[in-house]
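To start, the structure itself, in C-alpha cells.
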Amino acid sequence: MAIEQLTPEEVRDWSVEQKDRWWLDKVYRGDMPQLTLRAALTGFILGGVLSATNLYIGAKTGWTLGVGLTSVILAFAAFRLMAQAGFRDLTILENNAAQSVATAAGYMTGPLISGMAAYMWIENTIIPWWQLLAFNVVLSVLGVLVAFPMKRRFINDEQLPFPEGRACGVVLDALYGDSTAGGGADGMAKARTLVAAAGIAGALEFLKGENLMGLLQKPFLAAGKAVWHVPHALDEWYHAAAAQGWLPTLRLAGVPLPQLGIVFLPFDIAMFGAGGLMGLKVAGNMLLGMLLNFVVIVPAMIAAGAILPKADGTFTRTHVVNTWSLWWGITLMVVASLVSLFAKPEIFLRAFAAFRRRDDTASGDARHDPLAAIELPIRWSIVGVPLVGALGAWMAQAWFGVPFLYGLAAVPLVAFLSIIAASSTGLTSITPTGSLSKIPQFTFGALDPKHPPTNLMTAVLCVEVVSNASNLLMDIKPGYMLGAKPRQQAVAHCIGIVAGALASTPLFNLLFLSDHRPGMSVQEVMAPEGGKFSFPSALQWKGVSELVSAVFGGGSQELLTPSIIASIAIAAVAGIVLETLRIRRAATFPLSPMSIGLGVILPPDSTVAMFLGAAFFALMHRRHGADPGSAGHRLWVGSHEPICAGLIAGAALVGIADILVKVFAG
C-alpha cells in the first residue's frame, strides 16, 4: 500500500504541531505489536551475526556496510517460513524493530577497526576486552541521547529523506503489502537468493581455508605432507613457478611484484561482493589509486632512493605504505573530505539554526506536544548527555590517559558535530565520520601534541557518538514512515548496541589478538605482512595522529623526509582541485580523491577483487537492465543487493570460522 507523506508545501508551511497531529491521525499504528520479545531476539541474533561480518569486512577494507535491508529480508523470510509451521508471522513494525536492533549492532564494529586499533598500535598495548566493550557501549548510549532532540527537528519537522532509511521503509511496505501484488513472493525470492549466494560463497571460502582444510585433511595425510587448499589468487601458480626459476620473475624497479602485493586475479569472494555494493565508479577510482601508487609512484621512488628496503634488503607492501605511501594517501583523503564537508554551507547553517531555534515541542509538554506520550522525553537528553558524557570522559582518563578536561570538552563538540553529521545523513545517507574525526584529532592534538592518545581517544569519543546518533535517525526514518513508536525504537537501538558489543568485542580479540605474546608488536600481530587483514581505517587514524604529533610537537623533521613532504604538498593540492571539480560536476566528473586515496592504503588484491565485483555487476545491469520481465533482470538487477550481501556474509562467516579453527585447534 502507498506510504502516507506530506507534500513539499505542507512540509514548508505547517507547524511542527500540525505535522505531528497529521502523523498521529494518518500514519501512527499504536495498537500494532512492535518491540516484542521475539522481535528483540530476532534482531539480537541477526545483529550479532551481521556485526561479525562487518568486523571482518571492516578489518579488510576500512568500511562498515549497512545491514538494514539484509536484516529486513532475513527476518521476513525466517518468520514467513515459521508461519508455514504454525507460528504467527512478524508484523511490519516487529520487523522494523528487529532491523533497528540488527542495524545498531552492525555499526558497533566501527571504533574497533579504526581509532581503538590505532591507539593499540601507537601505544603498543592491548586494551582489555571489558574496557573496549564498556567504552563502546557508553559512547553509543550517549549517541542515542544526542539523537532524539534532533529527531524532532530533522524527521518530524523538516522531513529529511534519510535515503537508506527510506529504502528500508519502502522495502518493508512492499514485503508486507497485499500478497496479490507479489510483495511476499518477491521478498521470499530475494531471501532465497541471499541464502544461495551465502552458501556458494561459504563453500568456496571453505575450500580456500587453510585451517579448515587442514582440519579436514590431516587425519588422512602422512606427517609433513602439505595440506591442499584453493589458492587465494588464481595467478599464484605463476609466482610459485617464477620462484623456482621456471618462469621469468615480474618486477618493477627491480622489485618482484609479490613483494609489492600486486595480484592480478585475486580469489576473494567477500571483496567481490563488497565491490558489487560500492559500484564501479568508487571501485574504479580505488583501482586507479592502487595502480598510480604501486605501479607508477612507488617504483619511481625506489629507483630514486627515496624509499629504502627493509633491513634484509627486501620490500613489502606494508613497509612501502607505512614508510612512504601512507602520507600522500591520507593527505589526499583528509583534504578531500574536508573540502567536501565545508563545501556544503547549508549543513552548517542547519547546525547553527538548531542551536538558535526553540520549538514549542522542545519542553515535551503534553499541552503543546501531541507526541509527548510516545516520544523519548527531551529531559532525558538534557540530564543524560552531561552525565553519560562525564562518564565517557572519566573512562578516557582512567583507561587511556586522556586529561579529564579534554575529554569533557569533547562533549559539547559532539553536539555540534552530531548536527552536521545528521544533516548530511538526512540528505545523502552519507555520515561524514572520516571528515569529522579530523576536527577533534587536530583540535586536541594541538592542545596536547606530545600525547597521541589524547587526539585519538577524544576523536573516538566524538565519532562514535556522532555515528550512533546519525544511524539511529536513519533507523527511525522507516519507523516514522510506517507509524512506529519512537520510544520503542530507541530501546531497540540500545538492545542492538548491547548485541553488537557482546558479539564483536570477544570476536575482535579472538580474530586479531589471540597470537599476541609479551614483547610482540601489536600492529604486526593484527596486520601482519601478507596477512588477511590490513586495517586501512586504523592505518589512516594512526597516520593522522602521527602527523598531528609531528606538526604540533616539533618532530616533523625526523618523521617526514623531503620526498614525503613534497608528496603531501602535491596530494593536498590535488585533493582540493579534484574534490572541487567533483562537487561542481557531480554527474559527469569521473574522479573521486577519497576513493583514490583508499586505493593507496588498501592491499592491491582487495582493490582488484572489489573492482572485479563492481565491473561484473555493472555488466549484468547493462545486459539485463532494459528488460524488467526477464529472469536475468530479476536475478542480477532486482536481487543485486541480496546477492552481494550473501556473498559477503557467507565468505566472512566461513573466513571467521577458519581463523577460529587456528585459534582453538591449531
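The values are calculated or read from the model by the stated rules, or taken from the named source; none is laboratory data. What you see is a predicted model, and the numbers here were worked out from it, not measured in a lab. A quick note on method: Cβ atoms are made from the backbone with ideal geometry, for glycine too, and the neighbour counts reach across all protein chains shown.
With (1) part of a loop (DSSP other than H, G, I, E, B); (2) touching a Cys at 6+ places or on another chain (Cβ under 7 Å) as the list, and Phe264 as the residue in question, which single condition is left unmet? (2) is the only condition that Phe264 fails.
For the stretch 336-393, residues that are modelled with pLDDT of 65 or more, surrounded by fewer than 14 Cβ atoms within 10 Å (Cβ to Cβ) and aromatic (Phe, Trp, Tyr) total 1. Of the helices (runs of 4 or more DSSP H) contained entirely in the stretch 577-666, those carrying at least 1 residues that are at pLDDT 90 or above and under 30 Å from Thr323 (Cα atoms) fall at 593-601, 604-624. Looking across the stretch 593-616, the residues that are over 16 Å from the mean Cα position of the chain (by Cα), farther than 18 Å from Leu539 by Cα and either surrounded by 22 or more Cβ atoms within 10 Å (Cβ to Cβ) or free of Cβ contacts under 8 Å to residues at least 24 places away in the same chain (or both) come down to Val608, Ala609, Phe611, Gly613, Ala614.
May I ask you to list the residues in the stretch 41-99 that are at pLDDT below 85 and of a type in the set (Asp, Glu)? Of everything in the stretch 41-99, just one residue is at pLDDT below 85 and of a type in the set (Asp, Glu), namely Asp89. For the stretch 628-635, indicate whether the set of residues that are touching a residue at least 24 places away in the same chain (Cβ under 8 Å) and over 21 Å from the mean Cα position of the chain (by Cα) is non-empty. Checking the stretch 628-635: at least one residue is touching a residue at least 24 places away in the same chain (Cβ under 8 Å) and over 21 Å from the mean Cα position of the chain (by Cα). Against the conditions (1) in contact with a Phe, Trp or Tyr (Cβ under 8 Å, 6 or more places away or on another chain); (2) over 30 Å from Val144 (Cα atoms); (3) of a type in the set (Phe, Trp, Tyr), Phe512 satisfies every one except (2).
Counted as qualifying within the stretch 516-575 are the helices (runs of 4 or more DSSP H) with 2 or more residues that are under 26 Å from the mean Cα position of the chain (by Cα), namely 522-526, 536-553. Could you go through the stretch 127-135 and let me know if any residue there is at pLDDT 80 or above, crowded, with 24+ Cβ neighbours inside 10 Å and more than 26 Å from Arg38 (Cα to Cα). Looking for residues that are at pLDDT 80 or above, crowded, with 24+ Cβ neighbours inside 10 Å and more than 26 Å from Arg38 (Cα to Cα), one finds at least one in the stretch 127-135, hence yes.
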